[in-house]
Amino acid sequence: MTSLRLTTLVIVVLIMLPSIPLFVPPVRSSSLLFDGDSAFEYLDKQCAFGPRPPGSTNLSECRSFIVSTLRESGWSVHLQNFTYRGTNCANIIATYGSENATTILGAHYDTRPVADRDSDPANRTRPILGANDGASGSAVLLELARVLPAETRTDIELVFFDAEDSGGVDGWDWIVGSDYYVTTLDNQRRQSVRAMILLDMVGDASLILRREQRSTVALQNMVWSIASDLGYGHIFVNETGAAIIDDHNPFIDAGVPALDIIHHAPFPWYWHTLEDTPDKCSASSLEVVGRVLEEFLLQFSGSSITFTQGSPTLSSLVVFLLPPILIVVVVSMWWLRREH
């Protein structure tokens with residue numbers, strides 16, 4: 001009878017394991033410094049330059065603003081210049097005391113040159129303002145650049161990608177800036193990057209973030225688990241979205257673990273229209289995303305966790321599975337003692 005009860009107990013616990021968070025970080029939301037209002041100001045200031053398609057004066061001025069803001073926060077910044085279809089473009093790369101950071105955070109800072117999904121046909125050749133689709137991800141990166149502690153910054157590289165959002169316009173492809181960036185990495189540098197996280201359209205006032213299908217699952221699990229523990233599970237929802245053509249794709253293709261945090265499936269109703277303006281975004285949404293990333297970076301930068309495309313490595317599995325295994329062992333031992 002004892003053996004039967006023990007077996008039953010173990011089976012019940014094992015059935016419950018999928019509902020037990022695989023990663024249980026310490027919750028310290030009260031000490032996180034990311035400020036949504038500050039991030040929203042960065043969003044607003046980008047939009048104040050007007051539409052920012054590649055090669056435009058507006059984008060050049062916005063680029064100068066991003067560079068000066070990063071430098072004011074103590075980061076070293078350089079431009080990765082390239083030319084595409086006769087247009088001068090530039091990725092913005094920021095580091096802090098190290099040229100070999102193992103975590104890359106990215107966002108695109110350009111905007112789509114045409115509002116081709118606008119409900120009014122007369123607007124479909126006009127450029128969009130891109131408050132959410134462009135400015136929101138960059139705003140989160142700028143605020144993280146301001147608040148992260150120095151010991152965490154040294155493990156991080158911030159990349160603001162140009163020429164992401166002109167696909168299908170005048171012969172342009174998508175994700176040109178990130179594709180160029182990855183082609184400049186040698187094999188040693190690619191292998192040294194433990195994680196790349198992309199932010200795209202993360203400012204919507206009714207933000208819902210579903211799991212993008214091409215993202216590295218183990219990295220995605222860790223970020224989603226942190227969001228849940230911080231009380232943001234209603235935004236970082238455990239629902240599968242779609243596979244998106246986005247700036248994380250070149251990293252995935254190069255074998256670098258990468259995650260796309262993006263509002264999709266569906267995209268916001270104003271996507272690629274003239275309605276993509278700051279009033280569609282909110283400081284609270286930016287703060288949720290920023291604090292989840294802040295917590296992730298505070299934990300991840302000093303850890304030995306690594307990720308692979310298909311599944312967690314052995315070290316990741318130990319971190320993920322040790323708590324539930326211990327639960328099974330402890331409960332089993334208690335049950336045996338109780339029976340005897």
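The values are calculated or read from the model by the stated rules, or taken from the named source; none is laboratory data. The shown structure was predicted, so the numbers you read here are calculated from the model rather than taken from an experiment. Reconstructed Cβ throughout: ideal geometry from the backbone, glycine too, with neighbour counts over all protein chains shown.
Quick notes on this one:
- Considering the conditions (1) surrounded by fewer than 19 Cβ atoms within 10 Å (Cβ to Cβ); (2) at positive phi; (3) of a type outside the set (Lys, Arg), Thr240 is excluded by exactly one of them, (2).
- When segment 160-174 is limited to residues that are crowded, with 22+ Cβ neighbours inside 10 Å and not aromatic (Phe, Trp, Tyr), the one that is farthest from Leu105 (Cα to Cα) turns out to be Ser166.
- For segment 123-135, the criterion of being under 23 Å from Trp75 (Cα atoms) and touching a residue at least 60 places away in the same chain (Cβ under 8 Å) is met by at least one residue.
- Cβ pairs under 7 Å, 6+ apart, first in segment 206-222 and assigned by TED's automatic domain parsing to the domain that holds Asp279, second part of a helix (DSSP H, G or I) and modelled with pLDDT under 95: Ala218/Ser316
- From Gly130, Gly74, residue being on the phi > 0 side of the Ramachandran plot and buried (at least 16 other Cβ atoms within 10 Å of the Cβ): Gly130
- Candidate set: segment 146-176, residues that are among the aliphatic types (A, V, I, L, M) and outside any loop (DSSP other than H, G, I, E, B); chosen: the one nearest to Thr306 (Cα to Cα): Ile156
- The C-beta contact set for segment 262-282 (first residue basic (Lys, Arg), second residue surrounded by 20 or more Cβ atoms within 10 Å (Cβ to Cβ) and in a loop (DSSP other than H, G, I, E, B), distance under 8 angstrom, 6+ apart or interchain) comprises Lys280/Gly203; Lys280/Pro268; Lys280/Tyr270.
- Unique residue being surrounded by 19 or more Cβ atoms within 10 Å (Cβ to Cβ) and either in contact with a Lys or Arg (Cβ under 7 Å, 6 or more places away or on another chain) or of a type in the set (Val, Ile, Thr) (or both) when the list is Ala90, Ala94: Ala90
- Check on Asn221, over 24 Å from Glu164 (Cα atoms) and under 13 Å from the mean Cα position of the chain (by Cα): yes
- Taking the listed residues Gly203, Gly233, Gly137, the one that is closer than 21 Å to Val289 by Cα and in contact with a Ser or Thr (Cβ under 6 Å, 6 or more places away or on another chain) is Gly203, with no other qualifying.
- One residue stands out among those in segment 101-126 that are closer than 20 Å to Leu293 by Cα and of a type outside the set (Val, Ile, Thr): the one that is farthest from the chain's Cα centre (by Cα), which is Ala101.
- Residue check, Asn100 surrounded by fewer than 21 Cβ atoms within 10 Å (Cβ to Cβ), under 25 Å from Arg194 (Cβ atoms), among the polar types (S, T, N, Q) and touching a residue at least 12 places away in the same chain (Cβ under 8 Å): yes
- Residue pairs whose Cβ atoms lie under 6 Å apart, separated by 6 or more positions or on different chains, with the first residue in segment 75-91 and in contact (Cβ under 8 Å) with a residue 60 or more places away in the chain and the second in a loop (DSSP other than H, G, I, E, B) and not acidic (Asp, Glu), are Trp75/Tyr96; Tyr84/Ala163; Thr87/Pro54; Thr87/Gly55; Cys89/Pro54; Cys89/Ala163.
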